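Where a number appears in this text, it was derived from the coordinates with a stated rule and is not lab data. Note that the structure is predicted; figures quoted are calculated from it, not measured. Here Cβ is always computed from backbone atoms with ideal geometry, including for glycine, and neighbour counts include all displayed protein chains.
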Amino acid sequence: MNSTLLSNIFRFILLLAVQIVIFNNMTFLGFIMPLPYILFIILYPVNGNRSGLILASFALGFIMDVFLNSGGTHATACLVLAYIRPSIFKFSFGISYEYQTIKLNDVLTPERFSFILLSVVVHHFTLFLLEAFQISFFLDILIRALLSAVFTIISCIIIIYLIKPNKR
Amino acid sequence: MQQIFNFIFKNSNRLLFLLLLCISFLLTIQSHSYHRSKVISSANFLSGGVYQQINDVSEYLNLRTENEALALENARLKSILFNKKDTSYLKKMDSIVGIPADDILVSKVIHNSYNVHENYLTLNSGSNDGVKQDMGVVNNLGIVGIIDNTSPKFATVVSILNIKSQINAKIKKSNHFGSLVWNGKSTGFVQLIDVPRLASVRKGDTIVTGGQSVIFPENINIGTIHKIYIDNKTNYYTLDIKLFNDMTNLGHVYIIKSKNREELNNLEKRNTNE
């Protein structure tokens, strides 16, 4: 129990640092920015404390907002993702997901990929919708969200493979 | 009473979610409103310090280009010094002429964003150096933005690449003015709207700041006309302006303190009160 808490805190700080120092400076075509910091919400233990996750993801998004001058958009997007995470689990792993031992940071299977894909798309769509805040930019929002989602998923999968616990 | 507590315990997650959602939503809406001063901004001890550290490292990578820019500006200043009689040349090149040197503050951009619709910069000088809200920020090529929030050591700037920014600008040769806005599409171009149809505009004409705002002095370079549209709704021109500045690559900037602003503001306030 204690070790999961510690590893979560460690992951929280590490992902934020990596996001702010490296990925915030990586922009493709001028507007696509990968946001792998949401990996914290994706990799949070399945049976972990839910209110803890909601509070932690609010803090995560809030710190990102402070650094990016974006008001409350990241905080809102992270909160939405944290709140509907169980439904995404149910969709990608089946109804009885709570009784399975799901380890997300492992070899990529279709279930795991669909979970990551859905989470990233939900987060990015909320984020870019709130960031533009005008329905007249809708097509622009859609393009930005989808292209950024592609890069976020790629960077997420790379990070998962890098931090995967070695079994040998 | 018991039932209320039961309800709260049963739905604690949902209530927590809704509470935090309200807070973050309020912050979002507040940041999108036109009235300034955000609750949270990167002009604070934590993020300003982190950006300063990152910038100290990345500064080394840009030393060559920074040196070249400084050498160019040096050459330009020297040519002004040596050809002092040649006033027409001076007028064309020196864009911040007419401002006393002690009203200009040199600062450095430590964080630059240009990939969202509302872009802000962070500078490494704050209220300790005399930076206040609504001061203009320029560099040797043209305008950069307007100071938004300040902390003792850092300040944030509303970039001209921000759909909320609106700056008075005019066509250099004819004095017809309009508002400089950004449509959120390309980082190299901004738009000058509400230019009257009487104005003779041609591709390649220079756009400079107008004299109507207290924030920027007159005749600071902005860019050249790239494309001309006629707005169907209003019958005004909308001009695409190609910026002199590369907003994705900013180093040192100058903050312009205007001493006359308070006087002007007081005067205008008195007029509205009467």
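Counts of other chain beta carbons within 10 angstrom of each beta carbon in peptide A:79-89 average 2. Across peptide A:132-143, the mean count of Cβ atoms from other chains lying within 10 Å of each residue's own Cβ comes to 2.
Between the beta carbons of B:Arg197 and A:Ile143, assuming R0 = 30 Å, the FRET efficiency works out to 0.30 to the nearest 0.05. So, in Å, what gap is there between the alpha-carbon centers of segment B:126-199 and segment B:205-274? With segment B:126-199 and segment B:205-274 each reduced to a Cα centre, they are spaced 6 Å. Computed from label points 7 Å out along Cα-Cβ, the spacing between B:Glu262 and B:Leu81 is 3.4 nm. Rg and Dmax over the alpha-carbon atoms of segment B:40-258 stand at 17.7, 51 Å. Compared with the dominant principal axis of the Cα atoms in chain A, helix A:50-68 is inclined by about 30°. A crude spin-label estimate for the pair A:Ile84 and B:Thr234, with each label 7 Å from Cα along the Cβ direction, gives 3.7 nm. Working note: Karplus 6.51/-1.76/1.60 with θ = phi - 60° gives segment A:34-43 the couplings x, 10, x, 5, 6, 4, 4, 6, 5, 8 Hz, where Gly and Pro are set to x.
Run lengths n ≥ 4 of DSSP H only: what is the helix-derived mean residue ellipticity at 222 nm for chain A, with -39500 (n - 2.57) per run over all residues, to the nearest 500?
Theoretical 222 nm ellipticity from helices: -23000 deg cm²/dmol.
On the beta carbon distance between A:Val21 and B:Leu26, with R0 = 41 Å, the FRET formula returns roughly 0.90. The C-alpha atoms of chain B define a longest principal axis, and helix B:63-82 lies at about 40 degrees to it.
Please tell me which of these pairs span more than 18 angstrom C-alpha to C-alpha: B:Lys170/B:Lys233; B:Lys78/B:Lys257; B:Lys108/B:Lys132?
Beyond 18 Å between Cα atoms: B:Lys170/B:Lys233; B:Lys78/B:Lys257.
Each of B:Ser33 and B:Ala71 was given a label point 7 Å from its Cα along the Cα-to-Cβ line. The distance between the two points is 5.2 nm.
So if we plug the beta-carbon distance of B:Glu59 and B:Arg270 into 1/(1 + (r/R0)^6) with R0 = 41 Å, what FRET efficiency do we get, rounded to 0.05? Intermediate values should be presented prior to the final figure.
Details: r = 47 Å, r/R0 = 1.14.
Calculated value: 0.30.
Counted residue by residue at 0.36 nm each, then reduced by the alpha carbon distance between them, the extension gain from B:Thr206 to B:His226 reaches 6.2 nm. Each of A:Leu60, A:Leu142, A:Leu162, A:Leu43 was scored by other Cβ atoms within 10 Å of its Cβ. Arranged with the fewest first, they read A:Leu162, A:Leu142, A:Leu43, A:Leu60. Test of understanding: extend the Cα→C-beta vector of A:Ser114 to 7 Å, then name every residue of segment A:56-90 with backbone N under 14 Å from that spot. Flagged as within label range: A:87-90. Rounded to the nearest 10 degrees, the inclination of helix A:138-163 to the longest alpha-carbon principal axis of chain A is 30 degrees.
Taking amide H as placed 1.01 Å from N in the peptide plane, the amide H of B:Ile241 sits under 5 Å from that of B:Val190, B:Gln191, B:Leu192, B:His226, each at least 5 places away or on another chain. When shorter helices are ignored and each DSSP H run of at least 4 residues is given -39500 (n - 2.57), the per-residue value for chain B at 222 nm works out to -10000 deg cm²/dmol.
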